[in-house]
Amino acid sequence: MEALALEAWLSALASWRGKSPSDSSRLAQTRYPRSHPRPHLAACCLVSASPAGPAATMFSCVKPYEDQNYSALKRACQRRKVLFEDPNFPATDDSLYYKGTPGPTVRWKRPKDICEDPRLFVDGISSHDLHQGQVGNCWFVAACSSLASRESLWQKVIPDWKEQEWDPEKPSAYAGIFHFHFWRFGEWVDVVIDDRLPTVNNQLIYCHSSSRNEFWCALVEKAYAKLAGCYQALDGGNTADALVDFTGGVSEPIDLTEGGFADDEAKRNQLFERVLKVHSRGGLISASIKAVTAADMEARLACGLVKGHAYAITDVRKVRLGHGLLAFFKSEKLDMIRLRNPWGEREWNGPWSDTSEEWQKVSKSEREKMGVTVQDDGEFWMTFEDVCRYFTDIIKCRLINTSYLSVHKTWEEARLRGAWTRHEDPQKNRSGGCINHKDTFFQNPQYIFDVKKPEDEVLICIQQRPKQSTRRDGKGENLAIGFDIYKVEENRQYRMHSLQHRAASSIYINSRSVFLRTDQPEGRYVIIPTTFEPGHTGEFLLRVFTDVPSDCQELRLDEPPHSCWSSLCGYPQQVTQVHVLGAAGLKDSSTGANSYVIIKCEGDKVRSAVQKGTSTPEYDVKGIFYRKKPGQPITVQIWNHRVLKDEFLGQVHLKADPDDLQALHTLHLQDRSSRQPSDLPGTVAVRVLSSTSLTAV
């Protein structure tokens with residue numbers, strides 16, 4: 001075996017060298033016992049591949065996990081006519097447990113020793129294939145059920161599936177080795193495993209298929225357990241994490257209780273349309289009911305649903321009621337959802353359950369189209385109103401399309417890696433905690449981005465690096481993380497040092513990822529990702545999706561840097577922030593002024609967007625200036641936008657002295673004459689903040 005391992009390693013190395021790598025008070029720190037999703041669930045947004053070739057687009061830079069090259073290892077085994085044994089995830093208790101005492105004696109067996117004629121797939125792949133085993137990972141099985149319903153997605157997780165399938169005509173080609181792709185912390189990894197699976201009494205003890213000789217789900221689960229550290233690491237988790245790992249997506253929570261969707265028909269209808277849109281575009285969706293106490297875990301309600309349990313949503317549709325042509329012309333439809341229990345049994349027994357009389361309202365052809373069955377197979381239909389009444393959380397997976405060749409909306413993605421690091425020097429410390437810790441908050445990493453449309457939908461996600469379980473430390477704990485977004489000066493280039501307008505804020509939760517969707521007006525923004533408590537360290541991935549490129553980048557410098565030019569051209573002596581709130585009484589026309597403001601200082605200037613048809617515009621525009629000549633005033637001009645030539649409406653000069661304690665000024669507009677200035681119609685409201693400390697703003 002040592003010779004085989006060395007040969008495989010050398011072959012893998014040669015193969016690899018030939019390739020070119022291409023709000024803060026809302027804290028939830030609850031730990032969840034055996035199984036199942038945390039009360040605060042998340043969802044997943046999928047990043048679609050180019051139509052020209054999904055595999056080439058998304059996996060051209062797949063990284064071999066733990067430097068194991070699948071092709072090289074398989075060739076080496078075939079050459080030596082041996083079955084692969086994975087030294088990195090051996091068939092021992094170390095791969096089963098990280099703590100605690102083992103249960104019954106587990107025997108690791110290959111599929112050929114469990115059944116005759118083993119197969120990767122039997123009659124294709126279906127969400128009905130999977131059944132949860134003895135480990136509490138219904139969250140993972142629910143994600144697999146959703147994955148199985150989308151061919152374009154499962155073929156990315158199970159690459160080259162035809163090549164990996166058993167071939168009865170070429171038994172010598174089988175080498176007992178498989179590989180699967182997962183998205184981990186910003187990159188796709190290729191996880192290699194052998195086919196030895198844990199059994200008791202010749203039965204698979206973890207995830208297994210309805211068909212005894214079908215093994216795709218058990219093998220995917222083993223690869224995922226290897227990625228996590230061991231099988232026990234899958235005991236309790238979040239469906240969204242698995243969806244992210246299957247798709248490279250971002251997570252978004254929908255709290256049905258807080259949103260009040262059960263009692264608000266308009267909000268519920270709007271949510272259903274969004275869920276339907278996600279499903280129709282290939283997204284993945286799941287749902288669960290919060291388990292508030294340990295006793296609630298797996299508690300079955302009178303309606304048949306189970307608390308603390310993840311359900312896969314396998315269909316979303318508007319169901320036509322009635323029979324024949326009358327139903328067609330009446331066009332009465334009902335919003336319905338189909339769900340599946342990963343246990344493969346125990347279904348909803350309320351209205352529209354398998355044997356309920358409500359199905360008499362639907363024609364036979366419509367029932368056949370929906371795939372309605374009366375078997376206790378764990379799959380059932382509910383109205384969306386009942387879903388919102390009985391379930392507490394939905395995992396909605398939006399298909400985030402980044403392909404320019406698509407007919408659907410194309411998103412622009414910015415992806416940056418960062419870290420919370422600890423240092424004794426406050427200027428170098430990057431683990432300041434949330435806004436509750438005002439003395440250290442601004443020591444956190446900061447990222448700037450622009451919204452370039454009058455208003456744009458912005459999707460932001462931070463994901464902390466997953467911690468692999470170890471036998472010594474047990475299951476890795478997630479940090480409680482979140483982020484705040486601040487609207488800042490249009491020309492900011494250096495780190496924030498004082499509070500500005502908070503435009504949005506995520507929740508803080510000990511989840512692997514935190515997601516926020518927000519609509520923001522045009523301008524420049526700063527994202528500050530933090531841990532809830534200061535001093536905690538870890539790596540994170542920041543992803544920002546906008547309609548047009550946001551130019552997102554990290555702010556690393558606290559103030560303008562000293563250089564050889566500083567002695568020649570001078571170094572700033574003062575920083576001034578100018579905030580033009582608005583104007584009043586501007587020179588009017590029949591339709592009102594189409595005005596904008598320009599702030600000028602030492603060759604630098606900031607311009608606002610045009611405010612149309614009003615003599616009392618609200619500009620809400622800021623500029624920050626590092627002034628080498630504080631004696632020179634700052635000029636604020638207001639212009640009227642016209643088709644041929646813009647019209648000057650007036651200006652004011654600001655001394656912006658740090659000794660001027662009157663922060664808010666309401667000033668009369670004046671003309672540009674070098675002689676005695678004369679007042680023009682209108683006033684402008686300006687807030688000024690100046691300091692000789694360049695890190696005061």
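Read-outs throughout are calculated quantities, based only on the coordinates presented, and are distinct from any laboratory measurement. Computed from a predicted structure; not experimentally measured. Positions of Cβ are backbone-derived with ideal geometry, glycine not excepted, and every protein chain shown enters the neighbour counts.
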- [ ] Per residue of region 461-469, in order, report the coupling 6.51 cos²θ - 1.76 cosθ + 1.60 (Karplus, θ = phi - 60°) as ³J(HN,Hα) in whole Hz, putting x for Gly and Pro.
- [x] 9, 10, 10, 7, 4, x, 9, 6, 6
Open item on the list: Projecting each Cα onto the charge dipole of the chain (Lys/Arg +1, Asp/Glu -1 at the beta carbon, about the Cα centre), which of H501, G308, L197 comes out farthest on the positive side?
Closed with: H501
Open item on the list: Can you divide the C-alpha Rg of the chain by 2.2 N^0.38 Å and report the result to two decimal places?
Closed with: 1.14
- [ ] List E647, E252 from most exposed to least, where exposure is judged by having the fewest other Cβ atoms within 10 Å.
- [x] E647, E252
Open item on the list: Between E455 and L664, how high is the FRET efficiency from 1/(1 + (r/R0)^6) when r is the Cβ-Cβ distance and R₀ = 22 Å? Nearest 0.05.
Closed with: 0.25
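Please order W639, W166 by the number of other Cβ within 10 Å, starting at the fewest.
Details: W639 20, W166 17.
By the 10 Å Cβ count, ascending: W166, W639.
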Open item on the list: If you wrap a convex hull around the alpha carbons of region 451-591, what volume per residue comes out, as a whole number of Å³?
Closed with: 201 Å³
- [ ] Let me have the 222 nm mean residue ellipticity of the chain computed from DSSP H runs of 4+ only, each contributing -39500 (n - 2.57), with the sum over all residues rounded to the nearest 500.
- [x] -5000 deg cm²/dmol
- [ ] Give the peptides 273-282, 649-658 in descending order of average Cβ contacts within 10 Å, highest first.
- [x] 649-658, 273-282
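Among K81, K600, which comes first, then next, by fewest other beta-carbon atoms within 10 Å? The partial results should precede the final answer.
Values: K81 8, K600 19.
Result, fewest neighbours first: K81, K600.
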Task: Translational diffusion coefficient (Stokes-Einstein; Kirkwood radius from C-alpha pairs) of region 146-298 at 4 °C, 1.567 mPa s, in µm²/s - done: 71 µm²/s
